[in-house]
Amino acid sequence: MSSSPEKELRTVLDGGAVPLTDKYDVAPESPQPMKLRHNVCYIVMGILVNEQNKVLMMQEAKAECWGSWYLPAGRLKRGESLVEGLCREVTEETGLLCQPLTLLVVEERGASWVRFVFLAQETGGVLKSSAAADKESLQASWWDTVSPLPLRSRDILPLIKLALEYRGLPSHPSILPQLCPSPFLVLRLLLVWTSPGGFQILQSSTGRLPTIVCAARCGSILVPLLYLLQDRPKTYGILGVQHQGGDSADGVCFNIMGVYQGPEPPVVRTGGLSWAAVADEGLKERLEQALQKNTLLPLHS
């Protein structure tokens, strides 16, 4: 690998942002830019846990789920960053201010629907009482996760469990979205093939890590991986998230790491991509550490 991709690789391993170019290795013929409330919906959700291990909940005011309870969450608005949207939703629905600590998991149903689940901490505000009920919520309360509570949906229970486990033993380092614009939903791929001889990285003919534009209508954002390589990675997850929001920047770039093992590297199905050996000893050590430790944010499809 040349010095340029090695610099990019270090940045990605650190969870940093790498600006996108207008050249992608795989893309639909006429990719449609992401536009909130038009062809994409981003949900931001916050899990706040207090010193008594109680979880912040809000009571729904919407007619279709009136009176049930849920985690503070809602749709991102145009021009907001993911963190701004999270803090707004938490305040609107619970009355509390918050600071995100890390993304816990990213859930996706293709490029048109993505939910970003944050672990956050309270930093102020006043817990919303029933006297302050409005269209956003009826009230907020701290839940011990044991007492009976009518939930809007049980889909939040695994997420709450994940948050409580993370507080006890973090499963990955803190990963927060980096401000960096993208018009599309893009995957930047750090695909690593490990063998007794060392590491090889899949790289583009441009000398950079491969980038893929996901079609607006796809069953999963991971589908393009099948077009690149004949095998799925043994393990995969997110190293970083890039998003800015605003005009022509409603897209997201996920820096994804996938690991392959075997006597031979996976066959590459797309032209312009090839495996390149990692020669730099410091970078080899970084990759070894990344593979040995829990460094990847879960991506649930």
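The values are calculated or read from the model by the stated rules, or taken from the named source; none is laboratory data. What you see is a predicted model, and the numbers here were worked out from it, not measured in a lab. Here the Cβ is made from the backbone with ideal geometry for all residues, glycine too, and neighbour counts use every protein chain on show. Protein only, heavy atoms only, side chains kept; ligands, DNA and RNA dropped before computing areas. Shrake-Rupley method; radii C 1.70, N 1.55, O 1.52, S 1.80 Å.
Restricting attention to the stretch 245-276, the residues being over 26 Å from the mean Cα position of the chain (by Cα), among the small types (G, A, S) and surrounded by 12 or more Cβ atoms within 10 Å (Cβ to Cβ) number 3.
The requirement of being among the hydroxyl-bearing types (S, T, Y) and either touching a helix residue (DSSP H, G or I) at 6+ places or on another chain (Cβ under 8 Å) or assigned to a loop (DSSP other than H, G, I, E, B) (or both) is fulfilled nowhere in the stretch 119-128; no residue meets it. Scanning the stretch 79-117 for residues that are open to solvent by less than 10 Å² (accessible area, probe 1.4 Å), touching a helix residue (DSSP H, G or I) at 6+ places or on another chain (Cβ under 6 Å) and either farther than 18 Å from W69 by Cβ or not in a strand (DSSP E or B) (or both) yields a count of 2. Just one of the listed residues (E165, E136) is acidic (D, E), under 27 Å from V259 (Cα atoms) and either open to solvent by 40 Å² or more (accessible area, probe 1.4 Å) or out of contact with any Pro (no Cβ under 7 Å at 6 or more places or on another chain) (or both), and it is E165. Selection of first residues in the stretch 273-301 that are among the hydroxyl-bearing types (S, T, Y) and of second residues that are open to solvent by 60 Å² or more (accessible area, probe 1.4 Å) and modelled with pLDDT of 90 or more, restricted to Cβ pairs under 7 Å at least 6 apart or on distinct chains, gives the following pairs, ordered by first then second residue: T295/P173.
I need the full set of residues from the stretch 221-244 which are open to solvent by 20 Å² or more (accessible area, probe 1.4 Å) and either part of a strand (DSSP E or B) or more than 25 Å from K77 (Cβ to Cβ) (or both), in order please. Answer for the stretch 221-244, where residues must be open to solvent by 20 Å² or more (accessible area, probe 1.4 Å) and either part of a strand (DSSP E or B) or more than 25 Å from K77 (Cβ to Cβ) (or both): V223, L226, Y227, Q230, D231, R232, K234, T235, Y236.
Kindly establish whether V126 is open to solvent by 30 Å² or more (accessible area, probe 1.4 Å), over 23 Å from the mean Cα position of the chain (by Cα) and of a type in the set (V, I, T). Answer is yes for this residue.
If I filter the stretch 181-204 for residues that are buried (at least 18 other Cβ atoms within 10 Å of the Cβ), in contact with a Lys or Arg (Cβ under 8 Å, 6 or more places away or on another chain) and assigned to a strand (DSSP E or B), do I get at least one hit? Yes, some residue in the stretch 181-204 is buried (at least 18 other Cβ atoms within 10 Å of the Cβ), in contact with a Lys or Arg (Cβ under 8 Å, 6 or more places away or on another chain) and assigned to a strand (DSSP E or B).
Yes or no: the stretch 55-75 includes at least one residue that is among the aromatic types (F, W, Y) and open to solvent by less than 40 Å² (accessible area, probe 1.4 Å). For the stretch 55-75, residues among the aromatic types (F, W, Y) and open to solvent by less than 40 Å² (accessible area, probe 1.4 Å): present.
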